[in-house]
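The values are calculated or read from the model by the stated rules, or taken from the named source; none is laboratory data. The model shown is predicted, which means the values in this text are computed figures rather than measured ones. All Cβ positions, even for glycine, are placed from backbone atoms using ideal geometry, and neighbour counts span all protein chains on display.
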Amino acid sequence: MQKIFLFLLVTCITFLTAQDFKPWKPQIDKLSSFEKHVLIDKGTERAFSGKYVHTTKEGVYRCKVCGAALYKSSDKFDSHCGWSSFDDAIPSAIKEIPDADGRRIEITCANCGAHMGHVFKGEGLTTKNTRHCVNSISITFEEKHKKLMESEKK
Ligand SMILES: [Zn+2]
């Protein structure tokens with residue numbers, strides 16, 4: 001009996017601790033294995049394989065895990081690097097963390113911690129001198145509704 005109690009206690013503590021480190025855990029079951037590989041295990045999709053690499057439509061890019069708005073299409077540019085590139089993020093939406101490789105800076109969703117890619121500065125590609133190199137599989141694109149765009153012009 002004591003052993004069972006101890007087992008339950010350890011399971012509980014493990015579960016609670018895991019929740020602390022991975023706030024997006026409740027969504028994990030909804031992700032495909034490749035999405036988990038990139039968003040949680042910080043993997044990288046192959047260059048030019050992402051669905052948004054050449055997307056130029058107007059809209060907002062959201063975190064695949066929690067839905068937070070991260071990037072605006074107006075900040076997207078063609079860097080020819082093979083991944084979706086933005087020279088800015090929506091304020092406070094992205095967190096920059098020194099990468100485990102000791103060289104690069106990792107970018108994650110500030111809301112849930114999901115891995116987006118890396119940020120590179122000083123390349124001189126745009127006036128903002130910044131390139132957020134984002135895996136398409138980490139984000140979802142929400143196209144701006146045409147009617148909304150028309151009403152904004154008035
Ligand atoms: Zn998120």
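Of 20, 41, all but one fail to be more than 21 Å from residue 125 (Cβ to Cβ) and either modelled with pLDDT under 95 or in a helix (DSSP H, G or I) (or both); the exception is 20. Scan region 79-97 and tell me whether some residue there is touching a residue at least 60 places away in the same chain (Cβ under 8 Å) and either closer than 26 Å to residue 30 by Cβ or not hydrophobic (A, V, I, L, M, F, W, C) (or both). Looking through region 79-97, none of the residues is touching a residue at least 60 places away in the same chain (Cβ under 8 Å) and either closer than 26 Å to residue 30 by Cβ or not hydrophobic (A, V, I, L, M, F, W, C) (or both). Counting the residues of region 101-122 that are out of contact with any Lys or Arg (no Cβ under 8 Å at 6 or more places or on another chain) and under 20 Å from residue 35 (Cβ atoms) gives 4. Could you list, in sequence order, all residues of region 87-130 that are assigned to a loop (DSSP other than H, G, I, E, B), on the phi < 0 side of the Ramachandran plot and within 16 Å of the ligand (Cβ to nearest atom)? Once the filter is applied, which keeps residues that are assigned to a loop (DSSP other than H, G, I, E, B), on the phi < 0 side of the Ramachandran plot and within 16 Å of the ligand (Cβ to nearest atom), region 87-130 yields 89, 90, 91, 93, 110, 111, 112, 114. Cβ separations smaller than 6 Å between residues 6+ apart or across chains give the following pairs from region 111-132 residues that are of a type in the set (S, T, N, Q) to residues that are within 16 Å of the ligand (Cβ to nearest atom): 111/66; 111/68. A Cβ distance below 6 Å, combined with a sequence gap of six or more or placement on separate chains, defines the contacts here; from region 54-66, residues that are within 16 Å of the ligand (Cβ to nearest atom) reach residues that are of a type in the set (Gly, Ala, Ser) in the pairs 60/69; 62/69; 63/114; 64/138; 65/114.
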